[in-house]
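Taking it in order: structure first as structure tokens, then the write-up.
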Amino acid sequence: MDKEGTPPIPKRTTRSSSSITPSKNAAKPPKTSDPYPPSTLNDLIFGQPISLDSLLSNFPGRRIQILELLRLLGPPNSPLLPLFIYGGSSTGKTSIVLQIFRHLNRPFVYSSCRTCYNPRILFESTLNQLLLHRRKVVNGYSSAKRCERPADFVNYLREALNDVLTNLKGHLRKSSSEKLEERGNGRMIYLIFDNVELVREWDKSSGITHLLFELYDILKMPEVGLIFISSTSPDTYYSSAGVVEPIPVLFPDYTEDVLCQIFMRNQANPKLYSSFLDVILRPFCRITRRVDELSTAFSPLFKKYCEPLSDLGVVPSEDMKRRLFCHLQPHIAASLNEIFKFESQPSLEAEANKEKFTRKCNMRKVEGGEAFDEMDFHISTSAKYLLISAFLASRNPATLDASLFDSTGGSDNRKRRRKSSGKSIEQKESAEQELLMKGPGSFPLERLLAIFQCITSVAEGSLEEDQQEDGGLGAEGGDIGLMSDVLLQLSTLCNANFISKGGSCPLEGSTRYRSTVGEEMALKNSIWCLRSLMAKPSFSIVHSYLTGTLQKLISRFENDCHILGNWLTESFDCYVIVQI
Amino acid sequence: MAPSATPDSSSSSPTSDNRENNLQPFFVLHKALPRKSERKATGPVKTRRKIDLSPASPKSSEKSKADRIEEYEDCHYKPLRIEAFDLVWSRIETSIQDVLRDINNNVFNEIHHWVSESFTAIRSFERPNSSKVNRLYPIVTDISCKQLFTGLVFTKNVEFVDDLLTFEELGLHLKSHGCHVANLSSLEFSAKNGIGGCLKSLLRQFVRVTPDAADIAILASWYSERENCDNPLVVIIDDLERCNGSVLAEFLLMLSEWVVSIPIILIMGVATTVDAPRNILPSNALQRLCPCKFTLGSPAERMDAIIKGVLLKPCFGFNVGYKVAGFLRNYFLRQDGTLTSFIRALKIACVKHFLAEPLSFLLEGILDEDSHYFWSEKCALLPEVMLKSAFDLPSCKRDKMAEQTGENLANGLSELKRLRKNWISAVLCLYEAGKCHKIQLLDIFCEALDPDFFNKRASDHQSGLGLRKGGFICQAVRKVRDLPVARLCQLIKIWEKNTDGITEIHSKVKELLSMLKFEDNDKSLKQDLSHTSKRPTSRSHLYKDKGTKAVNEKAAILLECMVRDYLQPIECTPFHEIICFSNVDILQSALIGDPRRTIQVDLLKSHNYLQCSCCSKSNNSLLPSMHDTSIMYTLAQEHGDLINLHDWYQSFKGTITCPTIKGKHKMKQSPLSKKRKTNESPDISEASIQARFCRAVTELQITGLLRMPSKRRPDCVQRVAFGL
């Protein structure tokens, strides 16, 4: 360790001593042949300081927090107890801290625990910054020190900090006469750790969080300030007593007014945008107040909003606002539920695009039923049957299987079911509700295969008949049992996330599966199955079940979308006719 | 012979036995007695003779003639056949690659266009100067700058095998346009490796270093180097569905923090639906994506393109028969759905064809420019045996060729080539007609290959076309009748190209085309007239409709005529065996293992495999001489899902110790084994029966047919496999 550690030290000293002269170079992109400007202490400063006023105006609604932080940081060279800044994500914590340092023009080291995803990288990247080390081809993109253990980190850190601090003092003395603002202000160096909440997940037992919080006590260097930024509150961290507790600073969620101010910044047409915000902000604020989520949701909506306008610079009148609102209204509800939207290349837009733009649009647009009876990707027949059997196995209690797929024949079965359904519809409904709440159940492989075989035994018969109709297209020689390679199909479906492999059952010790197919998918699939099985005399049992699912699905979809519902009921009716 | 009697006569050559029969695990447990007849014949030199025996030995006398041909042509023509195979297959392979590349090319170009657009968009945020690149804090605070441009490429196939190659090619395509490309497979996003795994692979591909700790800062400093910083970085993830959601999400979040200094553009393959990213990724990762959708050609489209580009090219010699085509189609639709396996099946067929067909080296001639010259040259040199075998082909016997000369063979082959060309033209015309109604080429192709269908057509001329009702060809013809004029015009133009080789049809097509053109002029003239007269009469409309209807009718009749006269399947032509592969069984056994079923069948009918004299006599009844596992499985058939161990054991014991059947059976056996059997059978101890029972149960469990007793029901085992 020591061997590796020692060589860079002379390098570093030469660098920092030479750093005084080319200090201005660092700000511009170098035009010399050397692409790397020598690293200087300037790298630890944000650069181009800003005034307090612009800082405050950049962050509306954060005046209290900024002033508080400035007060805690104090005048130059004043020691700092550890700070703990917390608040929900996207509330401006990181940006504000960074901008404050830009304003104060003090040197700092920033490490985000998201980028540094394990302790070693966190340690090394902190040290790299402190040692002004730069990864490049020459050094094989390696870091300055190899540092895996917390103890090493503390040692190296102390060394590096001492060096930096002496350098800072040296600069101060030298530059005090001339350009003070070029150098950082003061002799303090600050270590900022962002996304500290992620550290907890690295290794549940490792004491990295403790290390970070105890760093102040361990280092015992008054010139080092520690700042932690986290999205969870301090209560979720501390456990050991006797540590200097960081001073918490809370960044609360933005209020609606502040959000309005934030979104109004840098708008080309503030009037238009404010009328847009009037409409949109309130419903969205009920769902989320995160600026990032809102802004991703707003940008396409604003485009929609502006669609009827020819001139974007127009100042909207009341009447126009109303019209624009009417134009926008149908899209609001949809985008409230959507977090993820597609934009296609305009060149691609032809017909494929229209068909499946998003699900919501699809439902609204489709007139006939064409888009529903087929899945828009290729899936082999046997996988389709497997999918539907997985769906059945997942949604049905296992006790129903025997009555549904009994080989004794459909007629008496049906009678029985009719009776029972007449008696206890309510019971059934409540059971259904319960099923819905529970979600899909898990099932062992054997049950899946059994159901699969029941369905395919019907289906294979039907296929044969189809082939006879076709004149035996590949009937004799090319006939392949659907049952073969089932496990291969199953793994395909697992890969496609249609079926998830659950943990093993504690009692039986075999893997259990669960169908994670959405109902819409299942619907498409079962419609397909019905079509392919239709006009078969021998399919009553399977069918009666499939229609059961269909009916359920229809009733659920009817509320959502009438066109689909109608279409389904129609096809269902014609199916029933066929069956009778 | 029972397995308990293993140290018997055959033990003298167990190893040679194994090698000879290529024994599988099941055989090893139970060695077959040599068949009686052989045993008689062999006499004293038993062991030596055994090695000589090949499975096909009983037929050896019949085959001797064929063997001679084989021997003869092995030395002379085998190299020729191999050469021909190499030539044919390399042609097919390259053309498949070309076809696939052509299909993807459009999408690839679109993706590249989008990549460069996104790159300029990222660059427009704020060009970081190189001194800042090394800093680890986020430089820009605007949220829109944290978005990752993500191309979602929909592959339209649940199986991702085909797309591995596609994404590789996409990577090469983008590389050739100057992007830095890294291909990440979904395996790198596993929970085990965590985010370190994918970063490491990323660094390995971009920076070409493998650091111990994969830090994304390395990538940043690499990218800030002068020679790298002007091109976008593209990361291709081939299958989104198979990625671990949390790892991928973390990866995305990290990248999005760095997107300004490292302008990474993501391309992700999505196999299923638009919901897939929603299902996998948490919302905070999702909203960092700025998605754009691309769609690759669906497998069906690609399949059609391959068939058109390979199987329907007159210059490719290799053909598949009706059954093979049907098998391939079914396999594609029902089981696998990947082009990869289709191509593999085609290759297997090709190899098998060249291996099995002695005259297949003549196939090379089709590839030649002047194939007739090639054939007449080759056929003249053919030895008599080969010639005879050519004229003995069933297709030729049917036709009763006059003289068995090389010249005739060459002529026959040329005729075959001509017929095939016509057939291809007709199929392509049908395809074009069906295209507007989404009838797939694969379906038409298979139907057009059906020899029965052709024969039926040939036999009853008077009943019109004799098209199969509801068949794809019939549909295609029907669709022509109600095509709108513009489409019809297009269609006929394509026909004109397709029917280049058939002069008769070609002229008719031209006639049709001129008719259409005339009508077009006529119509515009009429329209002008009506415009001038300001009186759009209904009569002119009527007339016009009538006119186009007539053209439609004529086109349909023409197509019917093509079907009748030129759609002669290859299997109805003499000498087709030389260029056409029609042995579906080979292909089936190569592609579909169906292991569970096979195991069950083999267990139930073990003597079919073992072919031992002791068991073959009785058809279905259980014999103690059968293999234990086989007995056990047969007994298990009588139980339901649960098998009571005690009952099972008792019936097993009863079967193997049953003296009456055994005694009767023994008499028929050869004296040698009989002696041993009678000595042994009385003293099968209880312990050994139990041991055999246990071993059989374990074997059944290993083969996956049984599940061991659970804690709840310790006295029962459960049957796992269902039915045959």
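Read the figures in this text as sums done on the coordinates, not as results from a lab. Computed from a prediction, not measured in an experiment: that's the story for all the values here. Glycine also receives a Cβ, built like all others from the backbone with ideal geometry; neighbour counts cover every protein chain displayed.
Counting beta carbons within 10 Å around each of A:TRP202, B:TRP648 and listing the fewest first gives the order A:TRP202, B:TRP648.
If each residue's Cβ is checked for other Cβ atoms within 10 Å, how do A:CYS306, B:CYS436 rank with the fewest at the top?
With the fewest neighbours first, A:CYS306, B:CYS436 line up as B:CYS436, A:CYS306.
Mean per-residue shielding of peptide B:252-259 is 2, counting Cβ atoms of other chains within 10 Å of each Cβ.
Under a 5 Å amide H cut-off, with hydrogens placed 1.01 Å from N, A:LEU226 pairs with A:LEU83, A:LEU191 among residues at least 5 apart or on other chains. Given a Förster radius of 41 Å and the C-beta distance between B:ILE684 and B:ARG712 as r, what FRET efficiency does 1/(1 + (r/R0)^6) yield to the nearest 0.05? With a Förster radius of 41 Å, E is 0.75. Shape class of region B:189-292 from the alpha-carbon gyration tensor: prolate, with a/c at 1.5 or above and a/b greater than b/c.
So, counting K/R as plus one and D/E as minus one, what does the shell of residues with Cβ under 14 Å around B:THR94 add up to?
0
Residues of region B:407-446 with backbone nitrogen within less than 17 Å of a virtual label 7 Å along the Cα-to-Cβ line of B:ALA380, please, listed as ranges. It comes to B:407-414, nothing else. With bins 5 Å wide beginning at 0, the percent of Cα pairs of region B:98-297 falling in each bin runs 1, 8, 17, 21, 22, 17, 10, 4, 1, 0.
Looking at region B:270-319, the pairs of alpha carbons with a distance over 18 Å make up 55% of the total. With only Cα atoms counted, region A:256-341 has Rg and Dmax values of 12.2, 33 Å.
Computed from label points 7 Å out along Cα-Cβ, the spacing between B:SER124 and A:ASP278 is 3.0 nm. Here, P(r) means the percent of Cα pairs in each 5 Å bin from 0 to the largest distance; for region B:176-236 it is 4, 18, 28, 26, 15, 7, 3, 0. Taking the fewest neighbouring Cβ atoms within 10 Å as the starting point, the ordered list for A:THR209, A:THR115 is A:THR209, A:THR115. Shown in residue order for region B:480-493 are the 3J(HN,Hα) couplings computed by the Karplus curve 6.51 cos²θ - 1.76 cosθ + 1.60 at θ = phi - 60°: 4, 5, 10, 8, x, 4, 4, 5, 4, 4, 4, 4, 5, 5 Hz (x for Gly and Pro). Please give the Cα centre distance for region B:403-452 versus region B:148-195, rounded to the nearest Å. Here the two parts' Cα centres lie 39 Å apart. Around the amide H of A:ILE499, modelled in the peptide plane, lie the amide H atoms of A:CYS494, A:THR516, all under 5 Å away and 5 or more residues distant in sequence or on another chain. Count Lys and Arg as plus one, Asp and Glu as minus one, and take only other residues whose Cβ is under 15 Å from that of A:GLU245; the net charge is then -3.
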